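The values are calculated or read from the model by the stated rules, or taken from the named source; none is laboratory data. All of these numbers come straight from a predicted model, not from anything done at the bench. Positions of Cβ are backbone-derived with ideal geometry, glycine not excepted, and every protein chain shown enters the neighbour counts. In case anyone asks, the SASA skips ligands and DNA or RNA and just uses the protein heavy atoms, side chains included. Shrake-Rupley method; radii C 1.70, N 1.55, O 1.52, S 1.80 Å.
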10 protein chains.
Amino acid sequence: MKKIDVTEAIFAIKKEKNLTWEAIADAVGMTDVWITSACLGMNSCTEEVAEKLVAFLGLPAEAKSVLMEYPTKTWDEAIPQDPLIYRLYEVVGVYGPTLKEVIQEKFGDGIMSAIDFSMKVDKEENPKGDRVILTMNGKFLPYKSW
Amino acid sequence: MKKIDVTEAIFAIKKEKNLTWEAIADAVGMTDVWITSACLGMNSCTEEVAEKLVAFLGLPAEAKSVLMEYPTKTWDEAIPQDPLIYRLYEVVGVYGPTLKEVIQEKFGDGIMSAIDFSMKVDKEENPKGDRVILTMNGKFLPYKSW
Amino acid sequence: MKKIDVTEAIFAIKKEKNLTWEAIADAVGMTDVWITSACLGMNSCTEEVAEKLVAFLGLPAEAKSVLMEYPTKTWDEAIPQDPLIYRLYEVVGVYGPTLKEVIQEKFGDGIMSAIDFSMKVDKEENPKGDRVILTMNGKFLPYKSW
Amino acid sequence: MKKIDVTEAIFAIKKEKNLTWEAIADAVGMTDVWITSACLGMNSCTEEVAEKLVAFLGLPAEAKSVLMEYPTKTWDEAIPQDPLIYRLYEVVGVYGPTLKEVIQEKFGDGIMSAIDFSMKVDKEENPKGDRVILTMNGKFLPYKSW
Amino acid sequence: MKKIDVTEAIFAIKKEKNLTWEAIADAVGMTDVWITSACLGMNSCTEEVAEKLVAFLGLPAEAKSVLMEYPTKTWDEAIPQDPLIYRLYEVVGVYGPTLKEVIQEKFGDGIMSAIDFSMKVDKEENPKGDRVILTMNGKFLPYKSW
Amino acid sequence: MKKIDVTEAIFAIKKEKNLTWEAIADAVGMTDVWITSACLGMNSCTEEVAEKLVAFLGLPAEAKSVLMEYPTKTWDEAIPQDPLIYRLYEVVGVYGPTLKEVIQEKFGDGIMSAIDFSMKVDKEENPKGDRVILTMNGKFLPYKSW
Amino acid sequence: MKKIDVTEAIFAIKKEKNLTWEAIADAVGMTDVWITSACLGMNSCTEEVAEKLVAFLGLPAEAKSVLMEYPTKTWDEAIPQDPLIYRLYEVVGVYGPTLKEVIQEKFGDGIMSAIDFSMKVDKEENPKGDRVILTMNGKFLPYKSW
Amino acid sequence: MKKIDVTEAIFAIKKEKNLTWEAIADAVGMTDVWITSACLGMNSCTEEVAEKLVAFLGLPAEAKSVLMEYPTKTWDEAIPQDPLIYRLYEVVGVYGPTLKEVIQEKFGDGIMSAIDFSMKVDKEENPKGDRVILTMNGKFLPYKSW
Amino acid sequence: MKKIDVTEAIFAIKKEKNLTWEAIADAVGMTDVWITSACLGMNSCTEEVAEKLVAFLGLPAEAKSVLMEYPTKTWDEAIPQDPLIYRLYEVVGVYGPTLKEVIQEKFGDGIMSAIDFSMKVDKEENPKGDRVILTMNGKFLPYKSW
Amino acid sequence: MKKIDVTEAIFAIKKEKNLTWEAIADAVGMTDVWITSACLGMNSCTEEVAEKLVAFLGLPAEAKSVLMEYPTKTWDEAIPQDPLIYRLYEVVGVYGPTLKEVIQEKFGDGIMSAIDFSMKVDKEENPKGDRVILTMNGKFLPYKSW
């Protein structure tokens, strides 16, 4: 069993049992964004989380160790195509240098970590059309000189 | 005068007068992220904002209409290289399909707009290292069927 | 069953029963362009449309939920090769900046949505050679400033 | 004087005289989309149109022959980046195979010409947000066999 | 059965029966270049040609409708690698702008159609080495203005 | 003076004197396709041709040796964009493997040379639209084994 | 059986019988470089060589005609990655323009054929480290003018 | 003065004085291939060679230190386009895996160095057409294990 | 059995027996970095090492000769995506020209070999966060002139 | 004055005064690798270091603030070409997955930081050829889960 097989098993069970990512997240005590990324094979679970996930979904026993494996994180498209994902890429293209200016003004020369990092998605109801609130939270890492 | 010339003039004045983007933002009544993007030539100003910006910075008079021009938004690198910007690209690569799952679970089939969109950067002080809080706020657009 | 399997099943039945996209569209109460895109796995059906499509074509029952899944929209070729599709790409290349000028003159700074969007194909008979009339209809989205 | 020089001269005059593409189109008796493309150097003018354009805008005399030159049509970005133009590219990616199905069902094996071709942009007012109506009109060209 | 399956069946039969493309072309009443392209899945046959081809080669009956399907024309390599094909690509690279000059001098602003198009290959015997004579015949399409 | 300078000088004179490539070809005793390629810097002239060309056009004396230099043949676009040139590229993509089959059936394992090679463009008048006849003539080179 | 199948069969037999390319070359009366390229599917054998190869290695009878097929020569990586092959690519990059200068100084305007071409590998023993002597031998082809 | 300026100066003098690379090579006591590469900015000269080159060609004095600078070796085209250079690239593509087999059979697991490396070009006269003999000589470097 | 099969077998056994690369390295008398690269199919084993590895892990007997085969070293992504590997790529991008300056100042014109090369990974414990110490050791190869 | 201008000024002075990077490093109290990267515009100096550098080299006064600017780190070639830099890229390609295995075995799921990072180059004298010892030292960053 590889990570891709576990992912497919999870999608099948999720559809069959009519579960949401939110329900899965609650069952294992993690957030919906993070557990979804782990189910998609992009993060590794601790033993405790893997056990809970296997138990809650009724995955085969060997899935536990697979969920705990450290993933190789890759993606197919250098420039994403699905419109939802492309819009995020466009934001990075259009606003990347802007964010560099603003972040480095506030923090100094350095970057926002994508490793010591978390993210969440909220829904803001709005009569003119609901809004997606996407919040990234990453540690600032200053450049070292030596 | 083209947008690039106005951008260079702004950078020169900003350095000479030792201004911050935050100060410029306050002077024109916009946020720091947005006014930075406009100064970098990635958004167009309303007449009122353009006038305030020209007055506050002491830009040449013709800069006003240039700031009001509708920009062609492009960027040099399909895959960004500067580490601060690359990390954002990496987030889109690693978490793009995760965000698609989570956003579409909460909102239905559609996308987060990158046009009816705003963004802000906050600093969270933390003894283990300050954290960058980056918040995106985009209207949800459901796919139309016809 | 995945979207690709449903697409293949639809093509097989369509050929066997000698159906047209127009006939399928009429049977489910949608336009030919839209239902074709849904059958090709590029749009998700409402439950009602999925049921009608399954019934009309005699698809396996599980196809219904697959047709309702939210698709990941991707394409194989960054630059299309089939001549019919390449010509559309060429139009975007040759006339893209022209359309930007004309649309933004008429509407202000913003874009034509590809999400709140519809499209149709008409045939104009002409003794010198019939003409394809392709009409796109997208909501204008003005850029937000903040 | 090259086409790029004529384009820059036109933009400068258009801004100075506060003209619209529509006004320029009316003055020379062509549509706004076509004359814009010619001013951007993507189509060649007949002698009559070139003369009218030079006269109306007050361009230097040598611009006439430059406007009549047959352009080499190229564009910088294989995948466009400006959001207005990218959305058109996305439509080609998402709906290209759909259009192939629908056009070829209506017309037979062949393509829509991008040479014997015209295009127009209309504005449909709508209380929920105005809509861009983009209409392409191309001759159907059947594949020859031999 | 898909076009690729029909292509493979044709190659197998052609080898087994020791046929040439020329013989196949004669049997169905088309030229060798065109019938080869149809057998490679790059053109669609009329019903009459498809019937003759199935009969002559002894293909399975269902091959007939597959040969009549409208193909999606794609190729694997943006820049061809096989030396015979690369040399043609090189000719386009080296002589493309030359051909544009010469064709447009003779015909006006427009292109040679690749749709209303035919091609043939002749052998010119020559004591210093035989020569390949490749003749393309395409309708001139003038650019429309509007 | 480099080849690009000579090319620009030729274009300026050609426009001023209202010459055609055909007239230039006749003056120097070469074909229009070849002399155009030499004027575009893609082939080197013999001393005799260079002298005739300098004399006929009234080029500066130093242009002679520049026309005789062996060019580095390069082109800007791996995939051409101008529609006239793209159509030729499309022909190579669509018919490349077909030509390989047909040429190698007639000649054996080898290629058509693009070096020991000539090309011409003819105009075939036709009431349904004139036709471009493009003829390539290249030496067949058999693969050597050793 | 396709060329790839014959290649795999040859590698299996070569390993099992502990043969060298040199021994195979001697058995069929060709050089090691050429017969290796034919075994890798990059050149076609004459009937005589194919028969000898089948006999010497004990390949299945149908391999003979496959070895005689004219190959489509392609490679996976536009820029090779294996260090042995990359170094050759690097030589072409670093010394390509140098070789153009030197070859054209000695021979005139033209190229070294890669078709009427042979190559050999020799080993020069050297106490400081043996040396690879790679010799290419290609016919000079002068550019034709017409 | 940068390497590119020295290269241009050398080309100008070489043309004016009607020198060959061979004559330059003889004057400085190096081979024609190597000195050409140094003149093109792809190798650094020792002080002695740089002095001789400056003296022989009458280059400005500061050219000496520039010729001695260690070059950054880069090239413009990942896939070369000039036919002479492309043929070498094609040889690497077609015969790369063959050379890997043959070299590693003779030498063991390792590569031919492109650094401890030399190359020469010879002309073999031949009534059927002269032949280019290109000889590469590189040290074999075995892979280390540790 | 191919290298990929041996790699998969090793990973399965390593997981089942709960082994570390360090333990495998000790068992065969090589370093952990090198034996990992050999197990991943990127280096060839000597007979002695291959025997020890087969014996220690209980691999099938035929794995021995496969481990001894000379690998073709390739990787999937020209620009790596997994964050751990990308950071190394980023170091090469950001510091490549710096390393060229510093290495060539210390050693002269030449390169660090990647063939006569070894590498090790150490862990430096640190209360602020442990540190990875990655040491590369490559022979300096001076450029030859000739 | 931009970073590129300061870099060029530094190179000119360094050559004129015959300085080494090591001497510059000693003068400002940083390591040679780091100060070289700062002089190449890839790192920002503290005020103290910038002052020392300006004083030691005799740079114009305005260089100080330029050296203190936060750089945008980019490089020209996605795949480096200069052999010294390419070999480092090759190491990342060949050994990237190996390093991932070994580092993550020693440290857990995470990466080596390229921001909290230093690097040095040592020379190991060796009668068989001196060796480059390149040592990277980066903080291990464990992936966060949330």
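Observations on the structure shown:
- Residues of segment A:38-57 classified as in a loop (DSSP other than H, G, I, E, B), open to solvent by less than 40 Å² (accessible area, probe 1.4 Å) and either aliphatic (A, V, I, L, M) or at the interface with another protein chain (Cβ under 7 Å from one of its Cβ atoms) (or both), total: 3
- Contact map, segment I:133-146: first residue at the interface with chain H (Cβ under 10 Å from one of its Cβ atoms) and free of Cβ contacts under 8 Å to residues at least 12 places away in the same chain, second residue not in a loop (DSSP other than H, G, I, E, B) and not hydrophobic (A, V, I, L, M, F, W, C), Cβ cut-off under 9 Å, separation 6 or more or different chains; pairs are I:144/H:113; I:144/H:116; I:144/H:118; I:144/H:139; I:145/H:118; I:146/H:118; I:146/H:120; I:146/H:137.
- Within segment I:79-99, the presence of a residue that is farther than 30 Å from residue B:90 by Cα, of a type in the set (Val, Ile, Thr) and either at pLDDT 95 or above or in contact with an Asp or Glu (Cβ under 9 Å, 6 or more places away or on another chain) (or both) is excluded.
- Check on residue C:22, of a type outside the set (A, V, I, L, M, F, W, C), out of contact with any helix residue (DSSP H, G or I) (no Cβ under 7 Å at 6 or more places or on another chain) and outside the structural domain of residue C:118 (by TED's automatic domain parsing): no
- Considering segment D:106-146, the residues that are among the hydroxyl-bearing types (Ser, Thr, Tyr) and in a strand (DSSP E or B) include one that is surrounded by the most Cβ atoms within 10 Å (Cβ to Cβ), namely D:113.
- Members of segment A:71-96 that are open to solvent by less than 40 Å² (accessible area, probe 1.4 Å) and more than 7 Å from chain B (Cβ to nearest Cβ): A:71, A:81, A:86
- Just one of (1) within 29 Å of residue A:122 (Cβ to Cβ); (2) assigned to a helix (DSSP H, G or I) fails for residue B:10. It is (1).
- Output for segment H:58-87, where each listed residue is assigned to a helix (DSSP H, G or I) and without any contact (Cβ under 8 Å) to a residue 40 or more places away in the chain: H:64, H:65, H:68, H:83, H:84, H:85, H:86, H:87
- When A:68, A:30 are screened for being facing another protein chain (nearest Cβ under 7 Å), at pLDDT 95 or above, at negative phi and open to solvent by 10 Å² or more (accessible area, probe 1.4 Å), only A:30 passes.
This table checks each residue for (1) within 17 Å of the chain's Cα centre (by Cα); (2) within 21 Å of residue I:143 (Cα to Cα); (3) not small (Gly, Ala, Ser).
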position	(1), (2), (3)
G:44	yes, no, no
G:57	no, no, yes
G:62	no, no, yes
G:69	yes, no, yes
G:95	no, yes, yes
G:107	no, no, yes
G:111	no, no, yes
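- Residue among H:4, H:10, H:24, H:35 that is surrounded by 22 or more Cβ atoms within 10 Å (Cβ to Cβ), of a type in the set (Val, Ile, Thr), more than 15 Å from the chain's Cα centre (by Cα) and within 14 Å of chain G (Cβ to nearest Cβ): H:10
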